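The values are calculated or read from the model by the stated rules, or taken from the named source; none is laboratory data. Quick caveat: nothing in here was measured; it's all calculated off a predicted structure. Note: ideal-geometry Cβ built from the backbone for every residue, glycine included; neighbour counts use all protein chains shown.
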Amino acid sequence: MKIVVAIKQVPSRDSQLKINSSGKWIEDTDLSWEVNEPDAYALESGLQLREKSSGEVVVICVGPSGASQTIREALAKGADRAIHIEADDLGDRDTLGVARILADAAKTESPDLILTGLQSDDLGLGQTGVVLAELLGVPHATIIMQVEVTGSALKVKRELEDGWFQHVEMPLPALLTIQSGGNKLRYATLMGIKKAKTKETKTLQAAANSTAPAIALERVYLPQKQKKTEMLTGTPAEVAAKLVEKLKFEVRVI
């Protein structure tokens, strides 16, 4: 069984973020980087499936040359090989643009299953996996907690709202977006780190971005702190009713 896992490099969670001079993104020159957490769970799901049914796990990463560190981490954890598609202009590509790059790479692999994280820690759009499935013309399911392969099909457990879950059967090939927390993440062992140095990593250049993005990020800014005082007038009963209404519909604490 061939499993492709799409991973993304994102700033470490403990990084001190600053807005860059353009005001459209963060200053990334001195940041530390790591594997996007939902993608790490997607990788773990892929590794567990391979251990049960054999085959191989191939990671695909679209990002700058520095993303090689993230790719090596995935290889050290157990991925068999990697494809690094270098693109220094990710900020100028929207979800569709990135998904097209991933789709072109995935088509050459003809995988049985494609796994992505539910969303990225930096943008949090939660769209790349779904758009990728549409471009490849394969069935997909989102917010996956558990995956079971049954012959030429899948049984998956989806997380819904308010503690509800949904169990779905679907054919292969397919694409799943994995929710964080469904598995316990493994650490890279010393032996895994050594083996990662000898595993194949194919480096490709992303095709030039020839189409304007459908959406564009215009401004990044810190939350604005505001202080506001409002005097409520009327009888005690009227003031109490107004207060309850504001707490319920504006502040939303009751």
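Please indicate, with yes or no, whether at least one residue in segment 15-22 is touching a helix residue (DSSP H, G or I) at 6+ places or on another chain (Cβ under 8 Å), surrounded by fewer than 18 Cβ atoms within 10 Å (Cβ to Cβ), charged (D, E, K, R) and assigned to a loop (DSSP other than H, G, I, E, B). Taking every residue of segment 15-22 in turn, none turns out to be touching a helix residue (DSSP H, G or I) at 6+ places or on another chain (Cβ under 8 Å), surrounded by fewer than 18 Cβ atoms within 10 Å (Cβ to Cβ), charged (D, E, K, R) and assigned to a loop (DSSP other than H, G, I, E, B). Among the residues of segment 202-214, those that are aliphatic (A, V, I, L, M) and surrounded by fewer than 10 Cβ atoms within 10 Å (Cβ to Cβ) comprise ALA208, ALA212, ALA214.
Screening VAL138 with (1) buried (at least 18 other Cβ atoms within 10 Å of the Cβ); (2) in contact with a helix residue (DSSP H, G or I) (Cβ under 8 Å, 6 or more places away or on another chain); (3) of a type in the set (A, V, I, L, M); (4) modelled with pLDDT of 95 or more gives one miss only, at (2). Contact map, segment 144-161: residues that are buried (at least 17 other Cβ atoms within 10 Å of the Cβ) paired with residues that are modelled with pLDDT of 90 or more and of a type in the set (Asp, Glu), Cβ distance under 6 Å, separation 6+ or inter-chain. Pairs shown: MET145/GLU159.
Condition check ((1) loosely packed, with under 10 Cβ neighbours inside 10 Å; (2) closer than 29 Å to ARG100 by Cβ) across all residues:
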position: TRP164; (1), (2): yes, no
position: THR177; (1), (2): no, yes
position: ALA188; (1), (2): no, no
position: LYS199; (1), (2): no, yes
position: PRO223; (1), (2): yes, no
position: LYS228; (1), (2): yes, no
position: VAL253; (1), (2): yes, no
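Residues in segment 169-188 that are hydrophobic (A, V, I, L, M, F, W, C) and either free of Cβ contacts under 8 Å to residues at least 24 places away in the same chain or under 15 Å from VAL138 (Cα atoms) (or both): MET170, LEU172, ALA174, LEU175, LEU176. Quick check on ALA42: is it touching a helix residue (DSSP H, G or I) at 6+ places or on another chain (Cβ under 7 Å), under 18 Å from LEU132 (Cβ atoms) and surrounded by 12 or more Cβ atoms within 10 Å (Cβ to Cβ)? Here the answer is no, as ALA42 does not meet what is asked.
Across segment 112-122, a minimum of one residue is classified as over 14 Å from the mean Cα position of the chain (by Cα) and either over 11 Å from ALA6 (Cβ atoms) or crowded, with 18+ Cβ neighbours inside 10 Å (or both).
Here LEU154, LEU204, LEU222, LEU217 are screened, and the one residue that is in contact with a strand residue (DSSP E or B) (Cβ under 9 Å, 6 or more places away or on another chain), assigned to a loop (DSSP other than H, G, I, E, B) and modelled with pLDDT under 95 is LEU222.
As a summary of the residue check, VAL62 satisfies the conditions (1) outside any helix (DSSP H, G or I); (2) surrounded by 24 or more Cβ atoms within 10 Å (Cβ to Cβ); (3) free of Cβ contacts under 8 Å to residues at least 60 places away in the same chain; (4) out of contact with any Asp or Glu (no Cβ under 6 Å at 6 or more places or on another chain) except for the one numbered (3).
With respect to THR29, is the statement that it is assigned to a strand (DSSP E or B), of a type in the set (Ser, Thr, Tyr) and either at pLDDT 95 or above or surrounded by fewer than 22 Cβ atoms within 10 Å (Cβ to Cβ) (or both) true? Taking the combined requirement at face value, the residue does not satisfy it. Quick check on segment 84-94. Is at least one of its residues farther than 21 Å from LEU217 by Cα and surrounded by fewer than 16 Cβ atoms within 10 Å (Cβ to Cβ)? So far as segment 84-94 goes, no, none of its residues is farther than 21 Å from LEU217 by Cα and surrounded by fewer than 16 Cβ atoms within 10 Å (Cβ to Cβ).
Among the residues of segment 230-245, those that are surrounded by fewer than 10 Cβ atoms within 10 Å (Cβ to Cβ) and either at positive phi or modelled with pLDDT under 90 (or both) comprise GLU230, MET231.
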